[in-house]
Amino acid sequence: MSIPGPRSNALMSRRNAVIPKGLSHATPIFVDRAEGSTVWDVDGNSYIDFAGGIGVQNLGHRPGFVIDAIQQQLNKYLHTSVNVMAYEPYVELAEHLVALTPGTFDKKVLFINSGAEAVENAVKIARAYTKRQAIVAFTYGFHGRTLLTMTLTGKAKPYRAGFGPMAPEIYHLPYPYPYRDPEGNRPDYGRVSADRLLELFRTEIPADQVAAVVVEPITGEGGFIVPPPDFLPRLRDITAEHGILLIADEIQTGFGRTGKLFASEHTGVVPDLMTIAKSLAAGMPLSAVIGRAEVMDAPQVGGLGGTYGGNPVALAAALAVVKAFEQDPEILAHAVEVGETIHERFRIFRQKYDIVGDARGLGPMAALELVESSESRTPSMKAASLVAQYAVEHGLILMRAGMESHVIRTLMPIVIGTDELQRGLDILDQALAYATEFSHAYTKAGR
Ligand SMILES: Cc1ncc(COP(=O)(O)O)c(C=O)c1O
């Protein structure tokens, strides 16, 4: 059967009539059901899922213990609004998160609905605490689609273009990009990259007006760029020295994505505030800001909240997720093995296919940067779209990332079985062979 099948095609026609174009879909198929690392479409085709709902299904689709926790909560209450009447799961999940996140100081937690809302609130809290306005973010960063978070985002198309004016008092620094920066091979590249903040203080905004630096420990939408190990520690030192808060956006890197619960743990950097979402609640909409108690307490009473923030059903799902990580160290141990398997194959792909310019990542957060040739390093969106298209037509769901949508990233459940992982990587191997052949044919044909 061809993919997309007739039912997906029919639904897509209905979709096109009533849903705006601006909402994109990485695949042309409509889902029917999902379980573990597999999804089935409405035409009965099955796929190995290397997208995991954009890093939301780290524990797989519909884990039994999450479904049970949701069902139990459904029998009690769905919503009171925490701003009207509070409930225990809100407090209980906060108690777990303050213990699980980096930093031994007193912490507090605010729950909201989406990743963007978490970053928005982290900025509000940082400004309230420091009584400063400026925020520094990075090129290649992605923090959401609201006015403030698109302004923080360092990728113009499609996230900022046409939506201006942007929010004021946001400054950007280049994110270290070892593969693309001519300086990328310097042994002190991480430190040099962080020191650009000092230059920003001299040229654009004095340090004593900067409330916070917002950074992804590894870029997500930006293409899974892994900064040198000394980058974040140096950023931590500079921010601490100037009374600037460090906000780690762990929305995509959290909950085992890199083989540790949080990516910050790889470098030992302790941020003042952390934003989390995605795999926190296994598919229920929930996000959080976690941080130093005195910082979190800075906003005035009534300044934080929202009708739905910390929905009880989402909290029940998240409690089941955090308890799973607490009680079963095998989850992270398996994630590390998944990462090793991927990186081993990715090293082979890099040798085998000239269109694979870079293979990188940390644990199961891995990526292949596709180029026209390893010599030219010209980003190849064409190759990446051929890979993704071949993959979905052969039973594998893949996501792209990167400035030119030319990076293939892996966001499969970290609990994926070894066989399924190998089968998915085999399809990716064939997809790269296909893209190599066709992108060369395409290049020769003069585009
Ligand atoms: C690092 C990071 N921050 C923020 C967001 C925004 O999250 P949401 O789409 O839930 O608003 C994302 C989403 O991909 C993300 O990866």
**OP:** Filter region 250-299 down to residues that are surrounded by fewer than 24 Cβ atoms within 10 Å (Cβ to Cβ) and either assigned to a helix (DSSP H, G or I) or within 13 Å of the ligand (Cβ to nearest atom) (or both), then give me how many there are.
**Re:** 10
**OP:** Kindly indicate which of 212, 194 is buried (at least 22 other Cβ atoms within 10 Å of the Cβ) and within 16 Å of the ligand (Cβ to nearest atom).
**Re:** 212
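Would you confirm whether any residue within region 364-383 is among the β-branched types (Val, Ile, Thr) and either in the same structural domain as residue 258 (by TED's automatic domain parsing) or in contact with a Leu (Cβ under 8 Å, 6 or more places away or on another chain) (or both)? Walk me through how you get there before you give the answer.
Narrowing region 364-383 to residues among the β-branched types (Val, Ile, Thr): 371, 378.
When the remaining residues are screened for being either in the same structural domain as residue 258 (by TED's automatic domain parsing) or in contact with a Leu (Cβ under 8 Å, 6 or more places away or on another chain) (or both), the result is none.
No: zero hits.
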Original post:
In region 300-332, how many residues are crowded, with 22+ Cβ neighbours inside 10 Å, touching a helix residue (DSSP H, G or I) at 6+ places or on another chain (Cβ under 8 Å), outside any helix (DSSP H, G or I) and on the phi < 0 side of the Ramachandran plot?
Top reply: 1
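Looking at 360, 423, can you tell me which residue is modelled with pLDDT of 95 or more, within 27 Å of residue 228 (Cβ to Cβ) and in the same structural domain as residue 49 (by TED's automatic domain parsing)? Don't jump to the end; show me each part of the working.
On the way: 423 fails: within 27 Å of residue 228 (Cβ to Cβ).
The conditions single out 360.
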Subject >> Condition broken by residue 24, with the remaining ones in (1) buried (at least 16 other Cβ atoms within 10 Å of the Cβ); (2) within 16 Å of the ligand (Cβ to nearest atom) satisfied >> reply: (1)
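Out of curiosity, is residue 408 at pLDDT 95 or above and in a strand (DSSP E or B)?
Yes, satisfied.
Counting only residues that are closer than 19 Å to residue 309 by Cα, give me the helices (runs of 4 or more DSSP H) lying completely in region 41-140 with at least 3 of them.
Values: elements: 52-55, 64-74, 88-100, 115-130.
Result: 64-74, 88-100, 115-130.
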**OP:** Considering every residue within region 65-86, establish whether at least one is under 30 Å from residue 242 (Cβ atoms), away from the ligand (no atom under 15 Å from the Cβ) and touching a helix residue (DSSP H, G or I) at 6+ places or on another chain (Cβ under 8 Å).
**Re:** no
**OP:** Of all residues in region 108-138, count the ones that are more than 14 Å from the ligand (Cβ to nearest atom) and over 23 Å from residue 297 (Cβ atoms).
**Re:** 1
Subject >> Scan of region 205-247 for residues that are without any contact (Cβ under 8 Å) to a residue 60 or more places away in the chain and within 12 Å of the chain's Cα centre (by Cα), ordered by number >> reply: 217
**OP:** Answer yes if at least one residue in region 160-170 is surrounded by fewer than 20 Cβ atoms within 10 Å (Cβ to Cβ), at pLDDT 95 or above, among the basic types (Lys, Arg) and more than 11 Å from the ligand (Cβ to nearest atom), and no otherwise.
**Re:** yes
Original post:
Is at least one residue of region 347-358 more than 30 Å from residue 250 (Cβ to Cβ) and crowded, with 23+ Cβ neighbours inside 10 Å?
Top reply: yes
Original post:
Any idea which of 111, 142 is of a type in the set (A, V, I, L, M, F, W, C), in contact (Cβ under 8 Å) with a residue 60 or more places away in the chain, crowded, with 16+ Cβ neighbours inside 10 Å and out of contact with any strand residue (DSSP E or B) (no Cβ under 8 Å at 6 or more places or on another chain)?
Top reply: 142
**OP:** Please tell me if residue 428 is at pLDDT 95 or above, in contact with a strand residue (DSSP E or B) (Cβ under 8 Å, 6 or more places away or on another chain) and under 12 Å from residue 223 (Cβ atoms).
**Re:** no
**OP:** Considering only region 158-203, state which residues are in contact (Cβ under 8 Å) with a residue 60 or more places away in the chain and either in contact with a Phe, Trp or Tyr (Cβ under 6 Å, 6 or more places away or on another chain) or assigned to a helix (DSSP H, G or I) (or both).
**Re:** 197, 200
**OP:** Considering every residue within region 300-311, establish whether at least one is without any contact (Cβ under 8 Å) to a residue 24 or more places away in the chain, away from the ligand (no atom under 16 Å from the Cβ) and not hydroxyl-bearing (Ser, Thr, Tyr).
**Re:** yes
Subject >> Close pairs from region 276-288: first in the same structural domain as residue 323 (by TED's automatic domain parsing) and within 14 Å of residue 325 (Cβ to Cβ), partner of a type in the set (S, T, N, Q) and more than 8 Å from the ligand (Cβ to nearest atom), Cβ under 6 Å, at least 6 apart >> reply: 279/58
**OP:** Just need a number here: residues in region 34-52 that are surrounded by fewer than 22 Cβ atoms within 10 Å (Cβ to Cβ), under 18 Å from residue 64 (Cβ atoms) and of a type in the set (Gly, Ala, Ser).
**Re:** 2
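The values are calculated or read from the model by the stated rules, or taken from the named source; none is laboratory data. None of these values were measured; they are calculated from a predicted model. Using ideal geometry, Cβ is built from the backbone for each residue, glycine included, and neighbour counts are taken over all protein chains shown.
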